[in-house]
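In what follows, a single structure is set out as structure tokens and then discussed.
The values are calculated or read from the model by the stated rules, or taken from the named source; none is laboratory data. Source: prediction; values computed, not measured. FYI the Cβ positions are ideal-geometry reconstructions off the backbone, even for glycines, and counts take in every protein chain you see. All accessible areas refer to the heavy atoms of the entire protein, side chains included, with ligands and DNA or RNA removed. Shrake-Rupley method; radii C 1.70, N 1.55, O 1.52, S 1.80 Å.
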Amino acid sequence: MRIALMTNNYKPVVGGVPISIERLAGGLKELGHEVTIFAPTYREADFPEGSPEQDVFRYSTCLNRFVGGIVLPNPFDLRIEREFRKQRYDIIHVHHPMLIGRTAVYLSRKYCVPLVFTYHTRYEQYVRSYTKGMLKMDRIMPLYLRRFLRHCDFVFAPTEGMQEYLTDTCKVRRSRTGILPTGIERKNFDIDPEEGRSIRRQYGGEKIPFLLTVSRMAGEKNVGFLLESLARVKALYGKPFRMLMVGDGPDREALRRRSEELGLGDTVVFAGAVPNQEIAPYFKAADGFLFASKTETQGIVVLEAFAGATPVIAVRASGVEDLVDDGVNGILTEEDSREYAEKVTVFLESLDSDCCAGQSQEAYRQMSANAYRKGVLYREEAVALKAVHYYNSVIAENAMQKKRNIRLLPAG
């Protein structure tokens with residue numbers, strides 16, 4: 001099968017959508033399918049011929065710096081269609097409803113290729129974080145999505161909660177939707193514990209509780225809320241602990257300054273970006289993973305934490321609630337810094353042999369084991385097989401529809 005994956009952002013940007021696309025492409029290739037990723041150009045992405053970029057077509061960009069530090073791609077680049085015509089694609093899988101999404105609709109119609117779409121992002125919440133609510137995206141985005149989704153033969157949601165959003169709010173027939181999560185790489189489940197211990201030593205967390213978040217340092221990820229909560233944790237817990245912030249983004253320096261203002265200079269470490277292929281040991285190193293984003297449709301980093309047997313303490317939000325089972329493999333709270341801080345403090349105390357009974361420590365070990373078991377369900381090879389099943393169903397239905405249309409044509 002020949003598959004065209006189309007996206008508005010990809011490597012070297014570190015984010016959920018690029019990671020999801022890369023892992024899906026890798027899983028599909030392992031199954032013997034041919035994949036081409038249509039992605040925008042980045043100045044950093046100057047890969048030589050024959051490199052791992054050989055299955056990626058880079059189209060042009062309009063702006064090298066746009067909202068949140070990503071580029072503004074140029075979906076009108078005529079080279080996209082020229083490149084598309086070189087192959088007889090069986091299916092187009094687009095990952096954004098705007099920009100390249102409209103190009104995918106055009107190519108699907110012109111060349112009679114089935115079109116599927118993955119709803120990765122709660123766009124109305126994402127835009128709200130940058131416009132401070134000035135744009136009424138809660139009303140505009142569902143209307144836009146409804147019109148776009150009419151052109152799609154099938155729509156993927158990463159979780160059940162997002163599938164409900166598509167059927168209830170966006171009015172997509174349930175029979176035209178399916179759940180396709182982002183796969184987690186096999187290597188994430190087999191990290192040598194010594195790699196985790198080495199990271200703890202590197203950041204001074206060898207003999208104290210070690211917490212982690214992995215996130216773009218940008219407004220929509222709600223990292224500021226984590227800092228406010230951690231300041232309360234520091235007062236409540238009263239003992240040393242380490243919080244490692246992994247990731248980069250437009251707000252990183254502002255967040256670092258805010259951390260200092262809150263008196264967290266000796267507690268929070270901003271480690272910067274870590275390449276995706278090197279991130280797994282960080283999850284293995286941590287006792288707990290903190291997450292506060294409310295714009296996720298799935299939360300890939302939550303599953304990566306689970307692969308490292310690391311419980312997650314997260315704000316209740318769509319996508320995340322489908323993964324974190326409160327009290328089983330993690331803890332869910334409301335977006336309230338007092339409540340969040342109290343739950344984190346209780347969690348830290350469960351790690352402390354000096355203040356907790358063995359029963360509490362056993363509860364932590366069970367939560368860790370449950371996290372790992374949940375993560376195993378999302379291994380990338382299983383996700384790729386599921387994608388192929390959906391693709392084949394869509395292609396078969398599309399072929400049957402063409403036959404029906406031919407029979408309906410008037411004779412002569």
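Numbers below:
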read-out: Verdict on residue 295 being at negative phi and either aliphatic (A, V, I, L, M) or buried (at least 24 other Cβ atoms within 10 Å of the Cβ) (or both); value: no
read-out: Residue pairs meeting the criteria (Cβ under 7 Å; at least 6 apart or on separate chains; first on the phi < 0 side of the Ramachandran plot and exposed (fewer than 14 other Cβ atoms within 10 Å of the Cβ), in region 354-368; second of a type in the set (D, E, K, R) and modelled with pLDDT of 90 or more); value: 355/349
read-out: Among residues of region 100-139, those that are at pLDDT below 95, in a loop (DSSP other than H, G, I, E, B) and not charged (D, E, K, R), counted; value: 5
read-out: In region 165-182, residue modelled with the lowest pLDDT [restricted to those that are in a helix (DSSP H, G or I) and in contact with a strand residue (DSSP E or B) (Cβ under 8 Å, 6 or more places away or on another chain)]; value: 165
read-out: Residue that is surrounded by the fewest Cβ atoms within 10 Å (Cβ to Cβ), among those in region 222-260 that are in a helix (DSSP H, G or I), touching a Gly at 6+ places or on another chain (Cβ under 8 Å) and of a type in the set (Gly, Ala, Ser); value: 231
read-out: Top-ranked residue in region 147-164 [being touching a Ser or Thr at 6+ places or on another chain (Cβ under 9 Å) and in a loop (DSSP other than H, G, I, E, B); ranked as nearest to residue 23 (Cα to Cα)]; value: 158
read-out: The listed residue being touching a His at 6+ places or on another chain (Cβ under 9 Å), on the phi < 0 side of the Ramachandran plot and either open to solvent by 10 Å² or more (accessible area, probe 1.4 Å) or in contact (Cβ under 8 Å) with a residue 24 or more places away in the chain (or both), out of 182, 267; value: 182
read-out: Conditions (1) closer than 16 Å to residue 348 by Cβ; (2) open to solvent by 40 Å² or more (accessible area, probe 1.4 Å): number failed by residue 290; value: (2)
read-out: Subset of region 72-98 [buried (at least 20 other Cβ atoms within 10 Å of the Cβ) and either of a type in the set (Ser, Thr, Tyr) or part of a loop (DSSP other than H, G, I, E, B) (or both)]; value: 75, 77, 89, 95, 96, 97
read-out: Count of region 61-95 residues which are within 23 Å of residue 121 (Cβ to Cβ) and at pLDDT 95 or above; value: 10
read-out: Some residue of region 321-340 being modelled with pLDDT under 95 and surrounded by fewer than 24 Cβ atoms within 10 Å (Cβ to Cβ); value: yes
read-out: Of all residues in region 300-326 being in contact with a helix residue (DSSP H, G or I) (Cβ under 8 Å, 6 or more places away or on another chain) and without any contact (Cβ under 8 Å) to a residue 60 or more places away in the chain, the one that is farthest from residue 247 (Cα to Cα); value: 325
read-out: Residue 206 being touching a Lys or Arg at 6+ places or on another chain (Cβ under 6 Å) and surrounded by fewer than 16 Cβ atoms within 10 Å (Cβ to Cβ); value: yes
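Residue by residue, here is whether (1) more than 30 Å from residue 115 (Cα to Cα); (2) aliphatic (A, V, I, L, M) holds:
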position	(1), (2)
323	no, yes
340	yes, no
375	no, no
396	no, yes
403	no, no
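Each row is one residue, and each column tells you yes or no for (1) at pLDDT below 95; (2) farther than 23 Å from residue 119 by Cα; (3) open to solvent by less than 60 Å² (accessible area, probe 1.4 Å); (4) in contact with a Pro (Cβ under 7 Å, 6 or more places away or on another chain).
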position	(1), (2), (3), (4)
10	yes, no, yes, yes
15	yes, no, yes, no
18	yes, no, yes, no
23	yes, no, yes, no
28	no, no, yes, no
39	no, no, yes, no
47	yes, yes, no, no
53	yes, yes, yes, no
